[in-house]
Amino acid sequence: MSNNIPSSASAPQPGLFSVTRERLRLKHYSIRTERSYLAWIRRYIQFHDKRHPRDMGKVEIEAFLTSLAVDRDVAAATQNQALSALLFLYREVLDLPLPWLDDVVRAKRPARLPVVLTRHEVAALRAQIRDPQLSLIVDLLYGAGLRLMEAVRLRVKDVELERGELLVRDGKGGKDRITMLPERLKDAVVAQIEFARSMHNADLQAGQGRVWLPHALATKYPGAATAFGWQYVFPAARLSIDPRSGTAGRHHLDEKQVQRAVKRACAAAGIDKPATPHTLRHSFATHLLEAGYDIRTVQELLGHSDVKTTMIYTHVLNRGGRGVVSPLDGLI
């Protein structure tokens, strides 16, 4: 589809999607959010027969959201994502701070308990994953409470082997946090880093070796993009083209590989729960609380802004968090 969407008034110059993309990048939205927002805006325009958004308003937005809920039966989170994309379009791109924007009701997400694996189920799942890289990522999800994207985006410089810590940069909500690196994973992490180093050295010899850097750091620090510390701990097998800069570089391992591996492992282990990689993070929190660790300590490890979010896992009374040991280190 062309970026120049027809309007009953006048077509925007430059293209609406180009302006939206530039605005998203100016505000440092992730590439995933950028693609998602552009897709929702495109679907919104197509839903209303390619009318220009300036010619539409509250009625059209609510009609689109209602269609998503009624005709497509999408989840509340999906509907809210579509609404966020449209609000960004009207407020940030079209600069139309219309009063009705605040009246558009977001779908209420149902309060559901997370799926949690038992310790035996976690051990059975781990035993079915043979690939060393995927196995280590799964262990970090459960052993350090990482989200899937936090694990695959982990950079060499953010692994503190001596202190047994992982620095999670720009996590959910743009927050940084520190979590533990399980003692039993240190040797595997060292081996993985050396594997990443060998790939990086080969890239450098081939005239490559660049990695994507956040927030224009590549401009501020020209040598950082090829520095080993900025490389991903879990590099992709092949070079790829950065959709923003157009340059070739080594991205991180595709998270879909982990998702498929966990799905296959659950089937092979006879686990009937609808487990995903994120289930391991839920299990991390639940098992720590069951072991008596203080809920606020677990809250910090997970990076939750509000302790109420952490409290969904259990009503175990606080005991005081000293010397937290990863639940992974307690497995036989």
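The values are calculated or read from the model by the stated rules, or taken from the named source; none is laboratory data. All of these numbers come straight from a predicted model, not from anything done at the bench. Cβ placement follows ideal geometry from the backbone for every residue including glycine, while neighbour counts extend to all protein chains displayed.
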If I ask for residues that are modelled with pLDDT under 90 and not in a strand (DSSP E or B), which ones from segment 226-245 would you list?
242, 243, 244, 245
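So is residue 291 at pLDDT 95 or above, more than 19 Å from residue 112 (Cβ to Cβ) and of a type in the set (Gly, Ala, Ser) or not? Give the steps one after another, and end with the answer.
Numbers: at pLDDT 95 or above: no; more than 19 Å from residue 112 (Cβ to Cβ): yes; of a type in the set (Gly, Ala, Ser): yes.
For residue 291, the condition - at pLDDT 95 or above, more than 19 Å from residue 112 (Cβ to Cβ) and of a type in the set (Gly, Ala, Ser) - is not met.
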Would a scan of segment 212-224 turn up a residue that is surrounded by fewer than 15 Cβ atoms within 10 Å (Cβ to Cβ), modelled with pLDDT under 95, out of contact with any strand residue (DSSP E or B) (no Cβ under 6 Å at 6 or more places or on another chain) and under 16 Å from residue 132 (Cβ atoms)?
no
Over segment 158-190, the set of residues assigned to a helix (DSSP H, G or I), of a type outside the set (Asp, Glu), exposed (fewer than 15 other Cβ atoms within 10 Å of the Cβ) and in contact (Cβ under 8 Å) with a residue 12 or more places away in the chain is 172, 173, 184, 186, 190
Just need a number here: residues in segment 246-266 that are in contact (Cβ under 8 Å) with a residue 12 or more places away in the chain, surrounded by fewer than 17 Cβ atoms within 10 Å (Cβ to Cβ) and either touching an Asp or Glu at 6+ places or on another chain (Cβ under 7 Å) or not in a helix (DSSP H, G or I) (or both).
3
Just name the residue that is nearest to the chain's Cα centre (by Cα) out of those in segment 267-288 that are more than 17 Å from residue 331 (Cβ to Cβ) and either buried (at least 21 other Cβ atoms within 10 Å of the Cβ) or β-branched (Val, Ile, Thr) (or both).
277
Suppose we keep only residues that are among the basic types (Lys, Arg) and at pLDDT 90 or above within segment 100-137. Which one would you say is farthest from residue 327 (Cα to Cα)?
130
If I ask for residues that are without any contact (Cβ under 8 Å) to a residue 40 or more places away in the chain and charged (D, E, K, R), which ones from segment 203-228 would you list?
220
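Results for (1) at pLDDT below 90; (2) more than 28 Å from the chain's Cα centre (by Cα), shown as yes or no for each residue.
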{"residue": "3", "(1), (2)": "yes, no"}
{"residue": "18", "(1), (2)": "no, no"}
{"residue": "35", "(1), (2)": "no, no"}
{"residue": "39", "(1), (2)": "no, no"}
{"residue": "44", "(1), (2)": "no, no"}
{"residue": "48", "(1), (2)": "no, yes"}
{"residue": "66", "(1), (2)": "yes, no"}
{"residue": "69", "(1), (2)": "yes, no"}
Restricted to segment 294-317 and to residues being modelled with pLDDT under 80 and under 22 Å from residue 119 (Cβ atoms), the residue nearest to the chain's Cα centre (by Cα) is 310
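Are any residues in segment 277-307 in a loop (DSSP other than H, G, I, E, B) and either touching a residue at least 60 places away in the same chain (Cβ under 8 Å) or touching an Asp or Glu at 6+ places or on another chain (Cβ under 8 Å) (or both), and if so, which ones? Walk me through how you get there before you give the answer.
Narrowing segment 277-307 to residues in a loop (DSSP other than H, G, I, E, B): 291-294, 303-306.
Across segment 277-307, the qualifying residues are 303, 305.
Out of segment 191-205, which residues are of a type in the set (A, V, I, L, M, F, W, C) and surrounded by 15 or more Cβ atoms within 10 Å (Cβ to Cβ)? Reasoning before the result, please.
Within segment 191-205, the first condition is being of a type in the set (A, V, I, L, M, F, W, C), and the residues that meet it are 191, 193, 195-196, 199, 202, 204.
193, 195, 196, 199 - these are the residues of segment 191-205 that are of a type in the set (A, V, I, L, M, F, W, C) and surrounded by 15 or more Cβ atoms within 10 Å (Cβ to Cβ).
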Looking at the structure I just gave you, is residue 302 of a type in the set (A, V, I, L, M, F, W, C), under 17 Å from residue 148 (Cα atoms) and surrounded by 22 or more Cβ atoms within 10 Å (Cβ to Cβ)?
yes
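Do we find a residue being among the basic types (Lys, Arg), touching a strand residue (DSSP E or B) at 6+ places or on another chain (Cβ under 9 Å) and not assigned by TED's automatic domain parsing to the domain that holds residue 25 anywhere in segment 260-281? So that I can check it myself, show each step before the final result.
Step one: of segment 260-281, the residues among the basic types (Lys, Arg) are 260, 263-264, 273, 281.
Filter once more, keeping what is touching a strand residue (DSSP E or B) at 6+ places or on another chain (Cβ under 9 Å): none.
No: zero hits.
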